[in-house]
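Data block below; observations after.
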Amino acid sequence: MKPLSKLHQRVDKSNSVLCIGPDADITKLPSQFLKQKYPQFEFSKWIIEQTHEYVCAFKPNLAFFEATGDQGIAELKMTMEYLQEHHQDIFTIADAKRADIGSTNEGYVKSIFDWFGFDAVTLHPYLGQEALQPFLEREDKVSIILCRTSNPGAPEFQDLKIEGKELWRIIAEHVSRMWNIRDNCMLVVGATYPEELAEVRKIVGEMTLLIPGIGAQGGDIEKSVKAGMNSQRTGLVISTSRAVIFASDPKQAAQQLSDEINQFRV
(Lines give C-alpha, C1' and ligand atoms only; values in the text may rest on other atoms or scores of the structure.)
Protein backbone atom coordinates (compact mmCIF):
# COMPACT_ATOMS: atom_id res chain seq x y z
CA MET A 1 0.00 0.00 0.00
CA LYS A 2 1.34 3.44 -0.93
CA PRO A 3 2.18 5.65 2.07
CA LEU A 4 -0.50 8.22 1.25
CA SER A 5 -3.23 5.61 0.73
CA LYS A 6 -4.26 5.87 4.38
CA LEU A 7 -4.83 9.61 4.00
CA HIS A 8 -6.72 9.26 0.73
CA GLN A 9 -8.96 6.54 2.16
CA ARG A 10 -9.72 8.67 5.20
CA VAL A 11 -10.58 11.68 3.00
CA ASP A 12 -13.05 9.53 1.10
CA LYS A 13 -14.52 7.99 4.26
CA SER A 14 -14.96 11.27 6.15
CA ASN A 15 -15.65 13.44 3.08
CA SER A 16 -13.27 15.90 4.67
CA VAL A 17 -9.87 17.43 3.99
CA LEU A 18 -9.75 19.08 7.40
CA CYS A 19 -6.78 18.48 9.69
CA ILE A 20 -6.87 19.53 13.32
CA GLY A 21 -3.88 20.11 15.56
CA PRO A 22 -4.74 19.06 19.12
CA ASP A 23 -2.09 21.47 20.38
CA ALA A 24 -2.23 20.98 24.13
CA ASP A 25 -0.57 24.25 25.17
CA ILE A 26 -0.44 23.87 28.94
CA THR A 27 -0.79 27.66 29.40
CA LYS A 28 -4.14 27.70 27.57
CA LEU A 29 -5.86 24.51 28.68
CA PRO A 30 -9.28 24.92 30.31
CA SER A 31 -9.15 24.62 34.09
CA GLN A 32 -11.01 21.30 34.22
CA PHE A 33 -8.11 19.61 32.42
CA LEU A 34 -5.40 21.21 34.54
CA LYS A 35 -6.90 19.48 37.58
CA GLN A 36 -6.35 16.04 36.07
CA LYS A 37 -3.29 13.80 36.38
CA TYR A 38 -2.54 13.89 32.64
CA PRO A 39 -3.90 17.28 31.51
CA GLN A 40 -2.38 17.37 28.02
CA PHE A 41 -3.48 13.84 27.21
CA GLU A 42 -6.98 14.36 28.58
CA PHE A 43 -7.37 17.57 26.57
CA SER A 44 -6.05 15.94 23.40
CA LYS A 45 -8.32 12.94 23.88
CA TRP A 46 -11.32 15.23 24.38
CA ILE A 47 -10.51 17.18 21.20
CA ILE A 48 -10.08 13.93 19.27
CA GLU A 49 -13.46 12.63 20.41
CA GLN A 50 -15.17 15.94 19.74
CA THR A 51 -13.83 16.32 16.19
CA HIS A 52 -12.84 12.95 14.71
CA GLU A 53 -15.97 12.61 12.56
CA TYR A 54 -15.00 15.68 10.58
CA VAL A 55 -11.27 15.24 9.99
CA CYS A 56 -8.93 13.37 7.69
CA ALA A 57 -5.89 13.94 9.93
CA PHE A 58 -4.64 15.01 13.34
CA LYS A 59 -1.43 17.04 13.61
CA PRO A 60 -0.10 17.48 17.17
CA ASN A 61 2.65 20.07 17.53
CA LEU A 62 5.43 18.35 19.46
CA ALA A 63 6.67 21.62 20.98
CA PHE A 64 3.70 21.94 23.33
CA PHE A 65 4.35 18.48 24.76
CA GLU A 66 8.14 18.83 24.87
CA ALA A 67 7.72 22.10 26.80
CA THR A 68 6.42 20.22 29.84
CA GLY A 69 9.32 17.78 29.99
CA ASP A 70 9.14 14.06 30.71
CA GLN A 71 5.44 14.11 31.45
CA GLY A 72 4.65 15.95 28.23
CA ILE A 73 6.54 13.39 26.15
CA ALA A 74 4.71 10.60 27.98
CA GLU A 75 1.35 12.30 27.35
CA LEU A 76 2.10 12.67 23.64
CA LYS A 77 2.87 8.96 23.54
CA MET A 78 -0.40 8.29 25.34
CA THR A 79 -2.22 10.44 22.78
CA MET A 80 -0.70 8.51 19.88
CA GLU A 81 -1.52 5.17 21.50
CA TYR A 82 -5.10 6.34 21.99
CA LEU A 83 -5.38 7.29 18.31
CA GLN A 84 -3.87 3.98 17.22
CA GLU A 85 -6.30 2.05 19.39
CA HIS A 86 -9.51 3.99 18.75
CA HIS A 87 -9.05 5.84 15.44
CA GLN A 88 -6.38 3.99 13.54
CA ASP A 89 -7.82 5.00 10.16
CA ILE A 90 -7.09 8.70 10.79
CA PHE A 91 -3.81 9.99 9.32
CA THR A 92 -1.37 11.39 11.90
CA ILE A 93 1.21 14.13 11.32
CA ALA A 94 4.04 15.07 13.69
CA ASP A 95 4.29 18.84 13.47
CA ALA A 96 7.99 18.76 14.33
CA LYS A 97 9.77 20.59 11.48
CA ARG A 98 12.86 18.45 11.86
CA ALA A 99 16.06 18.70 9.79
CA ASP A 100 19.67 17.78 10.46
CA ILE A 101 22.48 15.74 8.99
CA GLY A 102 21.65 12.20 7.95
CA SER A 103 22.93 10.35 11.02
CA THR A 104 20.93 12.60 13.35
CA ASN A 105 17.85 12.24 11.18
CA GLU A 106 18.06 8.47 11.64
CA GLY A 107 17.32 9.10 15.31
CA TYR A 108 14.38 11.35 14.47
CA VAL A 109 13.02 8.67 12.12
CA LYS A 110 13.10 6.04 14.84
CA SER A 111 11.51 8.37 17.38
CA ILE A 112 8.75 9.91 15.27
CA PHE A 113 7.84 7.03 12.97
CA ASP A 114 8.68 3.93 15.01
CA TRP A 115 8.28 4.90 18.67
CA PHE A 116 5.51 7.50 18.53
CA GLY A 117 4.00 5.85 15.45
CA PHE A 118 3.20 8.92 13.34
CA ASP A 119 2.29 8.46 9.68
CA ALA A 120 4.04 11.66 8.59
CA VAL A 121 6.35 14.44 9.76
CA THR A 122 7.03 18.03 8.72
CA LEU A 123 10.61 18.72 7.59
CA HIS A 124 12.88 21.63 6.64
CA PRO A 125 14.48 21.31 3.18
CA TYR A 126 17.50 23.54 3.90
CA LEU A 127 20.01 20.71 4.38
CA GLY A 128 19.08 19.09 1.08
CA GLN A 129 17.99 15.68 -0.14
CA GLU A 130 21.10 13.85 1.04
CA ALA A 131 20.52 14.84 4.65
CA LEU A 132 16.80 14.02 4.56
CA GLN A 133 17.36 10.63 2.96
CA PRO A 134 16.57 8.65 6.17
CA PHE A 135 13.06 10.15 6.02
CA LEU A 136 12.64 9.93 2.25
CA GLU A 137 13.68 6.27 2.18
CA ARG A 138 10.79 5.27 4.42
CA GLU A 139 8.35 3.99 1.82
CA ASP A 140 5.73 3.40 4.51
CA LYS A 141 5.79 6.96 5.85
CA VAL A 142 5.28 10.48 4.49
CA SER A 143 7.72 13.40 4.46
CA ILE A 144 6.02 16.80 4.41
CA ILE A 145 8.50 19.43 3.20
CA LEU A 146 8.18 23.11 4.08
CA CYS A 147 7.80 25.10 0.85
CA ARG A 148 5.88 28.38 1.26
CA THR A 149 5.03 28.74 4.91
CA SER A 150 2.09 30.71 6.31
CA ASN A 151 3.93 33.04 8.72
CA PRO A 152 4.32 36.78 7.96
CA GLY A 153 8.12 36.52 7.87
CA ALA A 154 8.14 33.78 5.22
CA PRO A 155 9.19 36.08 2.34
CA GLU A 156 12.50 36.98 4.02
CA PHE A 157 14.21 33.92 2.54
CA GLN A 158 11.49 32.09 0.62
CA ASP A 159 11.03 34.92 -1.90
CA LEU A 160 14.75 35.26 -2.64
CA LYS A 161 15.46 34.57 -6.31
CA ILE A 162 18.07 32.19 -7.67
CA GLU A 163 18.55 32.49 -11.41
CA GLY A 164 15.19 34.23 -11.64
CA LYS A 165 13.21 31.76 -9.53
CA GLU A 166 11.97 32.24 -5.98
CA LEU A 167 13.33 29.77 -3.46
CA TRP A 168 9.86 28.36 -2.70
CA ARG A 169 9.41 27.64 -6.40
CA ILE A 170 12.72 25.78 -6.55
CA ILE A 171 11.77 23.71 -3.48
CA ALA A 172 8.44 22.77 -5.09
CA GLU A 173 10.25 21.70 -8.25
CA HIS A 174 12.93 19.68 -6.47
CA VAL A 175 10.57 17.86 -4.13
CA SER A 176 7.99 17.01 -6.78
CA ARG A 177 10.45 15.99 -9.50
CA MET A 178 13.41 14.50 -7.62
CA TRP A 179 12.56 13.75 -3.98
CA ASN A 180 9.13 12.17 -4.49
CA ILE A 181 10.28 9.05 -6.34
CA ARG A 182 8.48 6.84 -3.79
CA ASP A 183 5.27 8.92 -3.87
CA ASN A 184 5.78 9.63 -0.16
CA CYS A 185 6.21 13.41 -0.15
CA MET A 186 3.88 16.32 0.49
CA LEU A 187 4.54 20.07 0.59
CA VAL A 188 3.56 22.73 3.13
CA VAL A 189 2.07 25.80 1.45
CA GLY A 190 0.33 28.41 3.59
CA ALA A 191 -3.26 29.54 3.07
CA THR A 192 -2.07 33.09 3.66
CA TYR A 193 -0.36 33.10 0.24
CA PRO A 194 -3.06 31.91 -2.20
CA GLU A 195 -1.31 33.14 -5.35
CA GLU A 196 1.82 31.19 -4.51
CA LEU A 197 -0.36 28.22 -3.57
CA ALA A 198 -1.87 28.24 -7.07
CA GLU A 199 1.60 28.37 -8.59
CA VAL A 200 2.78 25.44 -6.48
CA ARG A 201 -0.22 23.42 -7.63
CA LYS A 202 0.79 24.04 -11.25
CA ILE A 203 4.34 22.86 -10.52
CA VAL A 204 3.56 19.69 -8.54
CA GLY A 205 0.60 18.29 -10.44
CA GLU A 206 -1.46 15.88 -8.34
CA MET A 207 0.74 15.93 -5.20
CA THR A 208 -1.01 16.42 -1.87
CA LEU A 209 -0.39 19.73 -0.09
CA LEU A 210 -0.62 20.52 3.62
CA ILE A 211 -2.17 23.97 3.94
CA PRO A 212 -1.89 25.71 7.34
CA GLY A 213 -2.93 29.28 8.05
CA ILE A 214 -6.74 29.00 8.16
CA GLY A 215 -8.42 30.48 11.21
CA ALA A 216 -6.25 32.46 13.61
CA GLN A 217 -3.66 33.25 10.91
CA GLY A 218 -6.30 34.67 8.60
CA GLY A 219 -6.10 32.45 5.52
CA ASP A 220 -9.11 32.57 3.19
CA ILE A 221 -10.86 29.21 2.84
CA GLU A 222 -12.37 29.76 -0.62
CA LYS A 223 -9.15 31.05 -2.16
CA SER A 224 -7.11 28.27 -0.55
CA VAL A 225 -9.38 25.45 -1.68
CA LYS A 226 -9.70 26.71 -5.23
CA ALA A 227 -5.96 27.34 -5.53
CA GLY A 228 -4.87 24.15 -3.80
CA MET A 229 -7.16 21.44 -5.20
CA ASN A 230 -5.84 18.95 -7.72
CA SER A 231 -7.83 17.58 -10.67
CA GLN A 232 -9.64 15.11 -8.38
CA ARG A 233 -10.96 17.96 -6.18
CA THR A 234 -8.75 16.70 -3.36
CA GLY A 235 -4.96 16.82 -3.02
CA LEU A 236 -5.03 19.17 -0.06
CA VAL A 237 -5.13 18.90 3.72
CA ILE A 238 -6.29 22.12 5.36
CA SER A 239 -4.92 22.46 8.86
CA THR A 240 -6.18 24.46 11.80
CA SER A 241 -5.86 24.28 15.56
CA ARG A 242 -6.78 27.26 17.74
CA ALA A 243 -9.95 28.14 15.81
CA VAL A 244 -11.37 24.71 16.67
CA ILE A 245 -9.72 23.39 19.80
CA PHE A 246 -10.34 26.52 21.89
CA ALA A 247 -13.82 27.17 20.47
CA SER A 248 -16.74 27.01 22.91
CA ASP A 249 -17.99 23.96 20.98
CA PRO A 250 -15.09 22.23 19.16
CA LYS A 251 -17.38 19.65 17.57
CA GLN A 252 -19.59 22.28 16.01
CA ALA A 253 -16.57 24.35 14.96
CA ALA A 254 -14.98 21.35 13.22
CA GLN A 255 -18.21 20.42 11.45
CA GLN A 256 -18.81 23.99 10.25
CA LEU A 257 -15.26 24.34 9.00
CA SER A 258 -15.33 21.02 7.17
CA ASP A 259 -18.67 21.91 5.58
CA GLU A 260 -17.38 25.32 4.53
CA ILE A 261 -14.30 23.78 2.92
CA ASN A 262 -16.47 21.25 1.07
CA GLN A 263 -18.62 24.03 -0.41
CA PHE A 264 -15.65 24.97 -2.59
CA ARG A 265 -14.57 21.41 -3.50
CA VAL A 266 -17.61 20.80 -5.70
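The values are calculated or read from the model by the stated rules, or taken from the named source; none is laboratory data. Model, not experiment: these values are computed from the prediction. When we count neighbours, we look across all protein chains shown, and the Cβ atoms used for this are built from the backbone with ideal geometry, even at glycine. Calculation scope for accessible area: heavy atoms of the full protein, side chains included, ligands and nucleic acids excluded. Shrake-Rupley method; radii C 1.70, N 1.55, O 1.52, S 1.80 Å.
Structure notes:
- Loop-located GluC sites (Glu not before Pro) across the stretch 177-218 with a Cβ neighbour count of 15 or fewer within 10 Å are E206, with loop assigned by DSSP.
- Fraction of accessible area attributable to carbon and sulfur, the stretch 115-266 (%, probe 1.4 Å): 49 percent
- The aspartates and glutamates whose alpha-carbon is closer than 12 Å to the alpha-carbon of K59, local same-chain residues fewer than 8 away aside, are D23, D95, D119.
- As a ratio to 2.2 N^0.38 Å, the alpha-carbon radius of gyration computed for the stretch 29-127 takes the value 1.12.
- Accessible surface of the stretch 1-62, 1.4 Å probe, proportion on carbon and sulfur as whole %: 49 percent
- Cβ crowding within 10 Å averaged over residues, with 239-246, 112-119 ranked highest first: 239-246, 112-119
- Packing order of peptides 181-192, 220-231, 152-163, highest average first: 181-192, 220-231, 152-163 (average count of other Cβ atoms within 10 Å over each peptide's residues).
- Per residue value of the accessible surface for the chain (all protein chains in place, 1.4 Å probe), Å²: 45 Å²
- Computed per residue of the chain from DSSP H runs no shorter than four, each worth -39500 (n - 2.57), the mean residue ellipticity at 222 nm is -12500 deg cm²/dmol.
- Quarter the surface of the alpha carbon convex hull of the stretch 201-266 and you get the mean projected area, 4.3 square nanometres.
- Kirkwood-based shape ratio for the stretch 108-148, expressed as Rg/Rh from alpha carbons: 0.95
- Kirkwood Rh (inverse of mean 1/r, distinct Cα pairs), the chain, angstrom: 18.5 Å
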